[in-house]
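Notes for the one structure printed next.
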């Protein structure tokens, strides 16, 4: 047995053999046991300090809070050139332990076609596939536009099986799968609708799929990224959908669930002294009128610019983001973010500062300021 510790994408142990990288590169250690046999391990965390208007216990003062937003352990392994595995964890809601968010095996049928089975991200929009560690500005998009409280859990994972493939030199990517659906894992408080004891009707699976085409540089992978930090020229369009018979249910009603989305990403290097990125997405959600507050349309958009010239250790990337959800309950939610990232080592080391303003129909606007840091080892 040989032991080799090096800076290497954790998922590269999976990705290289499959020729379909699972997620963007980050640091990690790899232990090799022979030809095509290895285990990789790594760590990730996101922490923040936030000050939110009128969020103190007295209801009128600003809150002042430190938070460990995420803490993950990454594990991946290779049995041979055809069979790989992944086990990633996240701290539970109370922060007292960990639970599995990814636990799956990937079997390579051909270099461009892989079967995924277990618990993993079901095919969906770019924001969900990128997650909190690989999005513009870091963190989730607050679940305002990209909403996965239904059929996929709050963290986007689900139990099932999927076909993941690519063609045309990696510029056309596709994924289709069948999943348990109607699932909310205990990473965050479960909505009232997640109580399966209230479910009636047939027990249908959730079916999900995604198609994406890259007109410029090809994007690697199934687990993706929301921004390449000036590393690629990207012009991509993706569409995704998911549906489940009797997938929306409450104590008094049961209906079908469906969601559809289209997303766009443009990144161009050499635009002045840096790289420009523009992203946008649109969504449609349907719960058969079971939950009017989760049924409707949503939109999101973001613009970022990363400077090539370093300032001290890293690069500056100012950005703006916008989200809006218009549900059939007529209680709209809008959020504006303006911030700047300090990119020290790609997605392995970042610090960001963000000002946010959230508007909800019938309520006063709420502004917040957040300083966050992200590290992966």
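The values are calculated or read from the model by the stated rules, or taken from the named source; none is laboratory data. Not measured: the values here are computed from a predicted model. Here the Cβ is made from the backbone with ideal geometry for all residues, glycine too, and neighbour counts use every protein chain on show.
Suppose the filter is surrounded by fewer than 16 Cβ atoms within 10 Å (Cβ to Cβ) and modelled with pLDDT of 95 or more; does residue 310 pass it? So residue 310 fits the description; yes.
Scan region 201-240 for residues that are more than 22 Å from residue 275 (Cβ to Cβ) and more than 17 Å from the chain's Cα centre (by Cα) and jot them down. The answer is 201, 202, 203, 204, 205, 206, 207. The set of residues in region 274-325 that are free of Cβ contacts under 8 Å to residues at least 24 places away in the same chain and within 30 Å of residue 206 (Cα to Cα) comprises 280, 282, 301, 322. When residue 335 is tested against (1) within 18 Å of the chain's Cα centre (by Cα); (2) farther than 19 Å from residue 234 by Cβ; (3) crowded, with 18+ Cβ neighbours inside 10 Å, only condition (1) is not met.
Is one or more of the residues making up region 158-170 closer than 30 Å to residue 270 by Cα, surrounded by 15 or more Cβ atoms within 10 Å (Cβ to Cβ) and either touching a helix residue (DSSP H, G or I) at 6+ places or on another chain (Cβ under 6 Å) or at pLDDT 75 or above (or both)? Steps first, please.
Initial filter on region 158-170 (closer than 30 Å to residue 270 by Cα): 166-170.
Filter once more, keeping what is surrounded by 15 or more Cβ atoms within 10 Å (Cβ to Cβ): 166, 170.
Pick out the ones that are also either touching a helix residue (DSSP H, G or I) at 6+ places or on another chain (Cβ under 6 Å) or at pLDDT 75 or above (or both) and you get 166, 170.
Yes, there is a match, as at least one residue in region 158-170 is closer than 30 Å to residue 270 by Cα, surrounded by 15 or more Cβ atoms within 10 Å (Cβ to Cβ) and either touching a helix residue (DSSP H, G or I) at 6+ places or on another chain (Cβ under 6 Å) or at pLDDT 75 or above (or both).
For region 259-267, the criterion of a residue being more than 28 Å from residue 113 (Cβ to Cβ) and at pLDDT 95 or above is satisfied by at least one position. Pull out all pairs, ordered by first then second residue, where Cβ-Cβ is under 7 Å, the residues are six or more apart or on different chains, the first lies in region 337-358 and is on the phi > 0 side of the Ramachandran plot, and the second is not in a strand (DSSP E or B). As it stands, the answer is 346/229, since those pairs meet every condition given. Considering the conditions (1) at pLDDT 95 or above; (2) within 30 Å of residue 111 (Cα to Cα), residue 221 is excluded by exactly one of them, (1).
Residue under question is residue 250, and the condition is that it be under 24 Å from residue 332 (Cα atoms) and touching a helix residue (DSSP H, G or I) at 6+ places or on another chain (Cβ under 6 Å); does it hold? Quick ask: steps written out before the conclusion?
Details: under 24 Å from residue 332 (Cα atoms): yes; touching a helix residue (DSSP H, G or I) at 6+ places or on another chain (Cβ under 6 Å): yes.
Judged against the criteria, residue 250 is a match.
Residue check: is residue 118 at pLDDT below 95 and on the phi > 0 side of the Ramachandran plot? No, not satisfied. Among the residues making up region 81-111, those that are at pLDDT below 95 and in contact with a helix residue (DSSP H, G or I) (Cβ under 9 Å, 6 or more places away or on another chain) are 81, 111. Looking only at region 43-59, how many residues end up being exposed (fewer than 11 other Cβ atoms within 10 Å of the Cβ) and over 22 Å from residue 335 (Cβ atoms)? Qualifying residue count, region 43-59: 2.
Yes/no per residue for (1) under 27 Å from residue 114 (Cβ atoms); (2) crowded, with 17+ Cβ neighbours inside 10 Å; (3) modelled with pLDDT under 95:
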residue	(1), (2), (3)
173	yes, yes, no
202	no, no, yes
210	yes, yes, no
214	yes, yes, no
232	yes, yes, no
248	no, yes, yes
253	no, no, yes
